[in-house]
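A short write-up of the structure that comes next.
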Amino acid sequence: MDIIQQIVAGDVRTIARVLRDIDDELPSSREVLQRLYPHTGKAHVIGFTGSPGVGKSSLVDQVATHYRKDSKTVGILAVDPTSPFTGGAILGDRIRMQRHFLDPGVFIRSLATRGQFGGLTRSTNDMVNVLDAAGKDVVLVETVGVGQDEVEVANSAHTTVLVMIPGMGDDIQAIKAGIMEIGNIFVVNKADREGSRKTVRELMNLIEIGVRRRNGEEWEPRIIETEAVKGRGIDKLYETIEQHKAYLLATGSQRWREAVEKRTRLQLLGVLKDLAFRAALERIEARGDSIDEMVRRIVDRQSDPYSVARQILEK
Amino acid sequence: MANGRKIRILVAKPGLDGHDRGARVVARAFRDAGFEVIYTGCHQTPEQIVSTALQEDVDLIGLSILSGAHRYSFPRIMELLRENNAADIAVVGGGIFPLEDIPMLKECGIKEIFEPGAKLGDIIEWVGKNISAHGDAAPLSS
């Protein structure tokens, strides 16, 4: 069977290997992605982001369970950090998702950031496309634990869930730019802890000020209190995610298309950047130049990074 | 820029024993050696372990066991790998094993057994010598 047919048919080993080829940046994966592309565009992509330890994995686990009860198939991409020193990583998001290991309707893949900033990996969008083509109805993307400015997930997902816990920072944190602006849905997890109501109130203020409406959006971000480990509040979260999807798909609106265009633009730019970079490297090699030599020239002050880069592209 | 295959390792604890200090130490050592380690916690069934190994496309499964249930779980994992056409994934074991069980474990396909006292450096060295990212060796096809 052809590799594309195998992926579309949901063959686990083939999908797993292609995901790895993408992550390892094998040139052959580009062709596979190209041929898979006509099969993509059906999955609802839902991003989960927030600081380390707020309960993203547990929420993803719970939401996946709800989708399974609804007979929807689920793909999960969960990102953990790569060591900047050794390149190694411990990928532990699966620990919270054990109940899905034997369910053929759920495909889970752990990813390491491999030096990428922004909360996702370089490969995430391409991997979403593979799981989409493999027929997953929803793809849940869990970012690495993030801080204030890692907003990439909002460009990859149709629906972004920002997860917080009570007592993290004061109300000034809530009006800062960056990550607080990307949530379509805010989750206050571990809501049994002290200060949950206060966090919810602060978020309500934030929403009233209208962070999102500035962009002409009619969707009013929702706030949901959950206790992921006990499963409390998950019904409401699930319902709200579905409401957001319905909002995007509302008849006569272009919202879904806009979300898809945003994603696609990001991907196109990513591929372009990647190809241009590779082409530049090939030129350097073809001319028998070496990066090391260029670095030496720059360090010796015979040239500068700006001129060297321009020369590579111009010649 | 392509920097070649990254070796991926699943560290798993089959069965009912809940003592995972050893597994965590080894997982950490693998991390420091530059590998990507998937760690799934305690109380895994052979079926869960193999399903994870397939989805994560790992090159090596490291099983940690202290409960004495290796005589069941290790052969079962090997059997499931074969059934899933994934015998190319190497499996090693660490923990406490009666000496007389080791030949039987190797016979069923376990590549190496690391007993108490095994040095982390030796385990890493063994992986370096014996495990290559399997995408290089044999492209998946059927």
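The values are calculated or read from the model by the stated rules, or taken from the named source; none is laboratory data. Keep in mind it's a predicted model, so treat the numbers as computed, not measured. As a convention, Cβ positions derive from the backbone with ideal geometry for all residues, glycine included, and neighbour counts pool all protein chains shown.
For region B:10-40, what are the residues that are more than 8 Å from chain A (Cβ to nearest Cβ) and not aliphatic (A, V, I, L, M)?
Matches in region B:10-40: B:13, B:14, B:15, B:17, B:18, B:19, B:20, B:21, B:22, B:24.
Inspect region B:106-128 for any residue being under 23 Å from residue A:21 (Cβ atoms) and at pLDDT 95 or above and give the result as yes or no.
Among the residues of region B:106-128, at least one is under 23 Å from residue A:21 (Cβ atoms) and at pLDDT 95 or above, which makes the answer yes.
Identify the residue in region B:54-89 that is more than 19 Å from residue B:35 (Cβ to Cβ) and of a type in the set (Ser, Thr, Tyr) and, among all such residues, is modelled with the lowest pLDDT.
Only one residue tops the list, namely B:67.
Report, ordered by the first and then the second residue, all pairs with beta carbons closer than 9 Å, sequence separation of six or more or different chains, a first member in region A:110-131 that is farther than 12 Å from residue A:29 by Cβ, and a second member that is in a helix (DSSP H, G or I) and among the basic types (Lys, Arg).
So the pair list comes out as A:110/A:94; A:125/A:263; A:128/A:263.
For region A:67-96, give me each residue that is more than 18 Å from residue A:163 (Cα to Cα), touching a helix residue (DSSP H, G or I) at 6+ places or on another chain (Cβ under 6 Å) and either not small (Gly, Ala, Ser) or not assigned by TED's automatic domain parsing to the domain that holds residue A:140 (or both).
Answer for region A:67-96, where residues must be more than 18 Å from residue A:163 (Cα to Cα), touching a helix residue (DSSP H, G or I) at 6+ places or on another chain (Cβ under 6 Å) and either not small (Gly, Ala, Ser) or not assigned by TED's automatic domain parsing to the domain that holds residue A:140 (or both): A:74, A:86, A:90.
Kindly check whether there is at least one residue in region A:97-110 that is in a helix (DSSP H, G or I), within 29 Å of residue B:26 (Cβ to Cβ) and under 16 Å from the mean Cα position of the chain (by Cα).
no
Which of (1) without any contact (Cβ under 8 Å) to a residue 40 or more places away in the chain; (2) within 13 Å of another protein chain (Cβ to nearest Cβ) does residue B:124 not meet, given it meets every other one?
If we test residue B:124 against (1) without any contact (Cβ under 8 Å) to a residue 40 or more places away in the chain; (2) within 13 Å of another protein chain (Cβ to nearest Cβ), just (1) comes out false.
I'm checking my understanding of the structure. Among residues of region A:274-286 that are over 29 Å from residue A:127 (Cβ atoms) and touching a helix residue (DSSP H, G or I) at 6+ places or on another chain (Cβ under 9 Å), which one is surrounded by the fewest Cβ atoms within 10 Å (Cβ to Cβ)?
My answer is A:283.
One residue is enough: does region A:16-26 have a residue meeting the conditions under 20 Å from residue A:245 (Cβ atoms), within 20 Å of the chain's Cα centre (by Cα) and basic (Lys, Arg)?
No - not one qualifying residue is present in region A:16-26.
May I ask you to say which residue of A:266, A:249 is touching a Phe, Trp or Tyr at 6+ places or on another chain (Cβ under 6 Å) and either of a type in the set (Phe, Trp, Tyr) or away from every other protein chain (no Cβ under 14 Å) (or both)?
Criteria check complete, one pass: A:249.
Table: residues versus (1) surrounded by 24 or more Cβ atoms within 10 Å (Cβ to Cβ); (2) under 13 Å from the mean Cα position of the chain (by Cα).
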position: B:15; (1), (2): no, no
position: B:20; (1), (2): no, no
position: B:25; (1), (2): no, no
position: B:32; (1), (2): no, no
position: B:40; (1), (2): yes, yes
position: B:54; (1), (2): no, yes
position: B:72; (1), (2): no, no
position: B:77; (1), (2): yes, yes
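Sort out which residues of region B:41-77 are within 11 Å of another protein chain (Cβ to nearest Cβ) and within 19 Å of residue B:114 (Cβ to Cβ), and write them in order of number.
Result: B:42, B:44, B:49, B:53, B:58, B:59.
Which of the residues that make up region A:75-96 are within 19 Å of the chain's Cα centre (by Cα), within 7 Å of chain B (Cβ to nearest Cβ) and crowded, with 21+ Cβ neighbours inside 10 Å?
Result: A:89, A:90, A:91, A:94.
If a residue has to be without any contact (Cβ under 8 Å) to a residue 60 or more places away in the chain, aliphatic (A, V, I, L, M) and surrounded by 12 or more Cβ atoms within 10 Å (Cβ to Cβ) to count, how many in region A:251-273 make the cut?
Total meeting the criteria: 1.
Which one of these is away from chain B (no Cβ under 14 Å), at negative phi and either modelled with pLDDT of 95 or more or not in a strand (DSSP E or B) (or both): A:19, A:59?
Among A:19, A:59, only A:59 is away from chain B (no Cβ under 14 Å), at negative phi and either modelled with pLDDT of 95 or more or not in a strand (DSSP E or B) (or both).
Tell me yes or no: at least one residue of region A:200-219 is in a loop (DSSP other than H, G, I, E, B), over 30 Å from residue A:265 (Cβ atoms) and modelled with pLDDT of 90 or more.
no
From the set of residues in region A:31-56 that are in a loop (DSSP other than H, G, I, E, B) and within 19 Å of residue A:244 (Cα to Cα), which is farthest from the other protein chains (Cβ to nearest Cβ)?
A:41
Answer with yes or no whether residue A:28 is surrounded by fewer than 16 Cβ atoms within 10 Å (Cβ to Cβ), assigned to a helix (DSSP H, G or I) and either more than 14 Å from every other protein chain (Cβ to nearest Cβ) or hydroxyl-bearing (Ser, Thr, Tyr) (or both).
For residue A:28, the condition - surrounded by fewer than 16 Cβ atoms within 10 Å (Cβ to Cβ), assigned to a helix (DSSP H, G or I) and either more than 14 Å from every other protein chain (Cβ to nearest Cβ) or hydroxyl-bearing (Ser, Thr, Tyr) (or both) - is met.
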